[in-house]
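First up is the structure itself, then whatever we jot down about it.
Since every read-out is calculated from the coordinates, none of them should be taken as a lab result. Quick caveat: nothing in here was measured; it's all calculated off a predicted structure. Using ideal geometry, Cβ is built from the backbone for each residue, glycine included, and neighbour counts are taken over all protein chains shown.
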Amino acid sequence: MSDESDSGSVAAAALLDDGLVRRLKALACTGPLHDLDTRKTRLDFADASVYAMAEIAFQIIDQVTITMDFDRGANHDAVIARVLPFIAAQAPDRAPQEHEKVARWVLENLINVGSVDRGFRVFYGTFGADGAYQRLAFDFKLLTELADADGEVYLRASDEAINVLIGALDTDVESAQIAAEIKLGNLIERGKLSDAQAAAQQARYATVQYAERLRRKLEATRRDVRSVDWEEEIPELIDAALTHVTARYRAETAILANIRRARDEATEPERKRRAAVLVDIVADCVKRHTQLQARLIEANAIFRAEQDRQQFSGPPQRATVDLFGQLLGPTLQLSVADAAGPAGAFFQGGAGLATPTVVRLRDVVRMLIAPAAERDDLAGALPEPDLMPPPDPDVFSDEQWTRADDLLDLADTPRRLSALLAEARAGDPALPHLLLLRVLHAVSPEIGVAVRQGDDRVLVAVDDGTRLEDPEFGGADLLVGLARVSDESQQGAVA
Amino acid sequence: MSVNVPIADAAEAAKFITLGMRPRLLPARDLAYGDYVRRYREDETFAELTNAVANGLGLAVLACSQQTGLVLAATDGSLFEIKMEDYSRRAATRDRRERMLHGLVHLAVAAVAYPRPADLANDSYIGRVSVEQVDAVVREACRVLDEKAAAAEESLDPLEEAPDLEKTWRVYARRPSAAATKDGRLAPDATRSMVNKALRFLAEQGFLSQVGGEGGGTYRTTPRYQVQVRELAADRAFAELLDLGVVTVTDGHGTLRAVSPDTL
């Protein structure tokens with residue numbers, strides 16, 4: 001071991017690093033959920049401590065993931081409406097309006113509405129290629145907002161969110177699903193229905209994920225038909241997907257029959273209810289498979305329609321720049337600082353002319369005789385900003401602290417509290433109060449802290465039995481002095 | 001040029017240039033404009049005179065034809081130059097990241113409008129772009145780059161103290177494609193809003209014309225836009241990339257294509 005050179009240990013560190021970075025990132029993804037619970041006490045519209053925010057967040061992510069289908073995801077209001085019963089169960093005695101506010105707050109925080117990118121950023125440390133420690137930024141999202149064809153905004157769960165939920169995105173979707181289904185079949189045979197429900201739910205998430213991947217593929221095909229290999233690649237892909245759907249459909253229909261039997265045979269009401277829930281979940285899976293299958297069958301028709309639409313013009317006449325391959329692609333790969341050059345130059349060149357406007361009488365007249373545009377009296381609801389309470393104002397000013405420091409900077413001789421108070425009162429009527437508080441603090445000074453901070457002296461006050469004669473304060477007339485701190489013995493001696 | 005030109009001709013040339021400054025006016029729709037275009041193409045002296053007047057104003061003639069009209073471009077520092085600050089007030093106040101993204105969006109619009117080099121060269125080609133397409137194409141490109149990076153097992157997370165060294169595609173990919181503000185409007189700094197702004201702006205400049213509302217707004221290109229991109233914008237951006245030492249050689253058949261399954 002001792003023979004290993006430095007480079008060997010650096011290589012070992014790099015090996016360790018990979019797993020470390022993955023774990024740090026995975027940990028970071030749960031951060032926003034923990035954060036919700038730590039920040040809930042700061043909410044001003046309600047006492048939110050009764051709500052378990054992380055649970056609500058999981059419910060919201062679940063609902064978004066479940067409603068994610070081919071064309072779109074869930075819209076904000078639908079998600080809120082679905083989680084309301086759950087929130088109401090947490091705090092049944094609170095008003096429904098408050099439940100909704102809580103739901104919206106959690107949803108907005110999962111999107112991270114306040115930030116420009118609508119995501120989260122955490123910093124983590126790792127070793128660079130040269131073996132030096134460096135701090136890097138990791139950006140991720142939990143819920144993303146997208147617009148559909150009508151321009152309406154809807155939500156989809158990000159890969160990171162699905163990761164947080166299922167925790168197994170790295171594994172092959174298909175095999176994970178098969179495993180989940182075998183597990184489900186076994187569980188039902190043994191009558192363990194609540195475990196079976198968890199497995200069925202997991203199978204549904206896996207199905208949604210699979211559908212999402214297929215949706216992306218089909219979308220890419222629809223976007224540009226020209227260079228997709230329709231002779232082998234895509235037909236193979238569709239075949240594989242169809243085979244998968246058929247297999248799953250058969251498996252799930254069998255399971256469905258199995259659970260239905262379990263449901264009908266069960267006598268215990270609780271088990272009967274669970275079996276019924278399970279039937280719903282598996283039925284939903286079957287529905288999703290059917291949906292996927294319908295899309296797969298359409299794919300060929302889409303290809304033919306797109307081919308007809310994209311009838312191409314003749315062969316090129318002269319060579320020009322390939323805008324995508326030679327400009328957009330390389331620009332995307334540059335750093336932000338470098339990309340500003342080409343992007344700015346293209347804008348300057350492609351934006352055309354700015355023609356200065358000159359006021360013309362004709363326009364002014366037309367403007368003046370135009371009927372006034374009707375406006376609503378109210379400009380819509382004003383969003384309520386989340387404000388933090390301001391910090392408490394300082395009781396004593398900086399100047400007063402400095403003067404108290406000067407007074408307490410006793411050279412060698414200890415002084416009576418009464419003398420210090422009298423001197424302080426001469427300058428500023430509020431100063432004795434600060435001075436008194438600091439001297440009282442010095443009755444039992446924190447020696448350990450002073451040693452840690454590396455202070456060499458500490459203020460000490462001692463009661464020798466003399467009474468304090470003062471118009472404002474009463475008690476013992478303390479002896480105040482500076483004690484030297486030495487870190488070996490950790491003892492102070494009154495100077 | 002030592003030819004003596006009548007003063008009346010100088011006035012005519014200037015008038016011709018003012019017609020060229022109206023981006024949505026076409027020679028086919030204006031008889032006088034059509035005559036000027038014909039004269040420019042047939043009368044060499046008039047053409048040179050027009051070019052000289054344009055140069056004096058801080059303009060360069062990019063093209064002149066019955067389809068495009070007189071296409072003018074502002075030279076550097078010209079009165080007619082469009083500044084990014086005027087284009088987006090937000091970009092003026094925020095860091096260069098915002099300007100860069102607006103420029104990138106314009107580049108993407110052109111790339112989607114003319115997907116192959118041949119389309120840009122072919123005078124009769126008319127491209128179609130929609131907000132959805134532009135955003136989707138850039139996102140797809142970002143995703144492919146992301147997968148390449150993942151395959152190479154590079155860590156591209158930027159340094160904490162040097163955010164400007166982050167790769168451009170990561171910045172774009174991270175920006176949400178659509179986002180609602182708290183009062184339910186679309187946020188202006190989401191990418192789809194930026195694309196929408198660019199398309200509407202180009203339509204106002206006579207480079208695009210709207211044909212429908214599907215896909216967040218669909219537009220077709222005008223011959224003017226083709227000339228502008230081909231003769232000026234693409235060259236300028238290419239020159240900038242050359243300065244940075246980034247030269248990409250392609251086979252001339254276009255590289256914008258659907259991705260192969262192994263990257264999905």
- Task: Within a 10 angstrom radius of each residue's Cβ in B:15-27, how many Cβ atoms of other chains show up on average? Whole number is fine.
- Result: 1
- Query: To the nearest 0.05, how large is the calculated FRET efficiency for residue A:287 and residue A:104 if R₀ is 51 Å and r is the Cβ-Cβ distance?
  - Reply: 0.95
- Message: Taking R0 as 45 Å, what FRET efficiency do you get between residue A:280 and residue B:165 from their Cβ-Cβ distance, rounded to the nearest 0.05?
- Response: 0.30
- Quick one: check the C-alpha center-to-center distance for the stretch B:107-182 versus the stretch A:423-437, whole angstrom. 66 Å
- Message: How long are the semi-axes of the equivalent ellipsoid of the stretch B:1-118, defined as square roots of 5 times the Cα gyration tensor eigenvalues? Whole Å, largest first.
- Response: 33, 18, 12
- Query: With a 10 Å Cβ neighbour count serving as the proxy for reagent exposure, in which order, fewest first, do B:12, A:472 appear?
  - Reply: A:472, B:12
- Item | Options B:11, B:21, B:64, ranked by Cα towards positive dipole end of the stretch B:7-74, top entry (Cβ charges) | B:21
- Ascending count of other beta-carbon atoms within 10 Å, so fewest first, for B:169, A:105, A:401: A:401, A:105, B:169
- Task: Would you mind giving the mean number of other chain beta-carbons within 10 Å of the Cβ of each residue in B:224-236, as a whole number?
- Result: 5
- Query: What's the extension gain from residue A:52 to residue A:260 if we count 0.36 nm per residue and subtract their Cα-Cα distance?
  - Reply: 71.4 nm
- At R0 = 56 Å the Cβ-Cβ FRET efficiency linking residue A:466 and residue A:121, nearest 0.05, sits at 0.40
- For the stretch A:455-480 and the stretch B:54-79, compute the distance between their C-alpha centroids and round to whole Å. 88 Å
- When the gyration tensor of the stretch B:91-251 is built from Cα positions, what are the square roots of 5 times its three eigenvalues, in whole Å, from largest to smallest? 26, 22, 15
- Item | Test item: A:119-126 mean partner chain Cβ contacts at 10 Å | 2
- When only alpha-carbon atoms count, how far does the stretch A:398-494 stretch along each of its three principal axes, as whole angstroms with the largest first? 43, 33, 20
- Task: Specify which residue in the list B:55, B:208, B:80 is farthest towards the positive end of the charge dipole of chain B, using unit charges on the beta carbon of Lys, Arg (+1) and Asp, Glu (-1), about the Cα centre.
- Result: B:208
- Note on the structure: Over 30 Å (Cα to Cα) among A:40/A:287; A:101/A:141; A:25/B:148; A:25/B:83; B:167/B:197; B:15/B:83 -> A:40/A:287; A:25/B:83
- Message: With +1 assigned to the C-beta of every Lys and Arg and -1 to the C-beta of every Asp and Glu, and no other charges, what is the dipole magnitude of the stretch B:7-74 about the Cα centre in debye, to the nearest 20?
- Response: 360 debye
- Percent RCO, i.e. relative contact order, over chain B, from Cα pairs under 8 Å lying at least 6 residues apart: 18 percent
- Task: Using 0.36 nm per residue of separation minus the Cα-Cα distance, give me the extension gain between residue A:406 and residue A:305 in nm, one decimal.
- Result: 27.6 nm
